[in-house]
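The values are calculated or read from the model by the stated rules, or taken from the named source; none is laboratory data. Owing to the predicted nature of the structure, the values given are computational and were not obtained by experimental measurement. Glycine also receives a Cβ, built like all others from the backbone with ideal geometry; neighbour counts cover every protein chain displayed. Accessible surface is based on the protein model in full, side chains and every heavy atom, while ligands, DNA and RNA are left aside. Shrake-Rupley method; radii C 1.70, N 1.55, O 1.52, S 1.80 Å.
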There are 2 protein chains.
Amino acid sequence: MSQSAYKEFLAPNADYAANFGPKSSLALPPAKKLAIITCMDARINVYAELGIKEGDAHIIRNAGGSAKDALRSVIISQRLLGTREIAVFHHTGCGMLTFTSPQLKKIVKDSDPSNPAAQAVDHIDFLEFSDLELSVKEDVSFLKESALVLPGTVITGWVYDVETGKIKQIV
Amino acid sequence: MSQSAYKEFLAPNADYAANFGPKSSLALPPAKKLAIITCMDARINVYAELGIKEGDAHIIRNAGGSAKDALRSVIISQRLLGTREIAVFHHTGCGMLTFTSPQLKKIVKDSDPSNPAAQAVDHIDFLEFSDLELSVKEDVSFLKESALVLPGTVITGWVYDVETGKIKQIV
């Protein structure tokens, strides 16, 4: 069966737009001057989990919630849109704890062995990690030490527990 | 005034966790086998806008909703966590329409002229765009043509209007 989840976007979107109200005039720069970096994981509802609402914060999401992967976005967020605080969230049960880059590169290349273009996967650092709290500390350190992140940025690091919905501050 | 938005995370999170219910046993692979790529923009509430709920879809967000920037995450999403559909959303009023990479690189370097490490910004492609609908088409083409994206993936492209809350399918 081919995928077609996109066909289910329109009905809820019509309801959302019908009750859009004052959100129509929200400003581009985030009201809380905050950028959140977290994982793409399907179980993470950033708004509900942190009491964030439309207009409050940039939400950057990628596999693992990697700060390194998010750097391009962080620079744009800070230099062009005025954010001055970053909160990094990783989470329990993360897929990034379950594989290594060499394993994943082999999966990709083995799936299409006759295609030289598939070798491009060798240039990708998949940024997996094996220790959850350490990965948060390392990402906060990466941001604090980066010459491309503004001095004085308030940077915190957290773990979200997918089995309880609770957050815990690590840094 | 220094930033401290993070101090406001704990109270709403306690409420969220207190009513967590059956979300505690959601599976790691997204139920809809869907990955959504969209912008970090503060006005975008992906769940509400598309009728998505916890467990349904990977949500990848970066400055602009760039598919190229999202490739690492897409590979992990497809090869390790079973997604077979990608929906790319860009939006009206996007910050990516307002600058060029040379301008932003100059801002970063001028802010810290004595620091050689700030020159590292020259290695970053900020992936800005000047035509919104074209940027969606180009990102969908990038994914369709990539040897690292699974053949047969259903890929759609959309524009979200931040002034009305409405989505429009482009591809």
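Summary of computed values
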| quantity | calculated |
| --- | --- |
| Filter result for the condition that a residue is in contact with a Lys or Arg (Cβ under 8 Å, 6 or more places away or on another chain) and not hydrophobic (A, V, I, L, M, F, W, C), over A:Arg43, A:Arg79, A:Arg72 | A:Arg43 |
| Check on B:Gly157, modelled with pLDDT of 95 or more, touching a Lys or Arg at 6+ places or on another chain (Cβ under 9 Å) and more than 7 Å from chain A (Cβ to nearest Cβ) | yes |
| Filter result (open to solvent by less than 20 Å² (accessible area, probe 1.4 Å), more than 18 Å from B:Val171 (Cα to Cα) and of a type outside the set (Val, Ile, Thr)) within segment B:46-69 | B:Glu49, B:Gly55, B:Asp56, B:Ala57, B:His58, B:Arg61, B:Asn62, B:Ala63 |
| Looking only at segment B:79-106, and only at residues there that are over 17 Å from the mean Cα position of the chain (by Cα) and under 30 Å from A:Lys105 (Cβ atoms), the one that is surrounded by the fewest Cβ atoms within 10 Å (Cβ to Cβ) | B:Gly82 |
| Which listed residue, of B:Lys166, B:Lys137, is within 19 Å of the chain's Cα centre (by Cα) and facing chain A (nearest Cβ under 9 Å) | B:Lys166 |
